[in-house]
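Trainee: Take this structure first; my questions come after.
Rule-based calculations on the coordinates, nothing more; no lab input. Note that this is a predicted model, so its numbers are computed, not measured. Positions of Cβ are backbone-derived with ideal geometry, glycine not excepted, and every protein chain shown enters the neighbour counts.
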Amino acid sequence: MEKKDTCPLCDRPFGKDVQMHHLIPKSQGGKETIPLHPICHRKLHALFNEKELARNYAAVEALRDQIEIKRFTAWLRGKPPDFYRKTAPQGGKRRRK
């Protein structure tokens, strides 16, 4: 059973900001949610579209086993609970101004 005071994705304690993530997106019929740090939530949606989340990553364990998430959570390790940095779009693309 996961601790309610830690993020199930990165296993760091929560700070003041917490966002709820639908394991299966609402657009795909999902109802169950889990709490995540905002940076963790943004990373998931930067990496995967809603169909990928529903098909392949509807469980926390599946998300945590994904190589990009492993790299991300290793990078986050040791950062404060409310640490936040803008998430770059997949492929490092930048928006034109």
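Trainee: Only residues that are in a loop (DSSP other than H, G, I, E, B) and either touching an Asp or Glu at 6+ places or on another chain (Cβ under 8 Å) or within 22 Å of TYR84 (Cα to Cα) (or both): list them for segment 15-72, please. Steps first, please.
Mentor: First pass over segment 15-72, keeping only residues in a loop (DSSP other than H, G, I, E, B): 15-18, 23-25, 29-32, 37, 48-49, 57-59, 66.
Matches in segment 15-72: GLY15, LYS16, ASP17, VAL18, LEU23, ILE24, PRO25, HIS37, PHE48, ASN49, GLN66.
Trainee: Quickly run through segment 1-27 and pick out the residues that are among the polar types (S, T, N, Q) and within 23 Å of GLU68 (Cα to Cα).
Mentor: Narrowing segment 1-27 to residues among the polar types (S, T, N, Q): 6, 19, 27.
If the condition is that a residue be among the polar types (S, T, N, Q) and within 23 Å of GLU68 (Cα to Cα), then THR6, GLN19 are the ones that fit.
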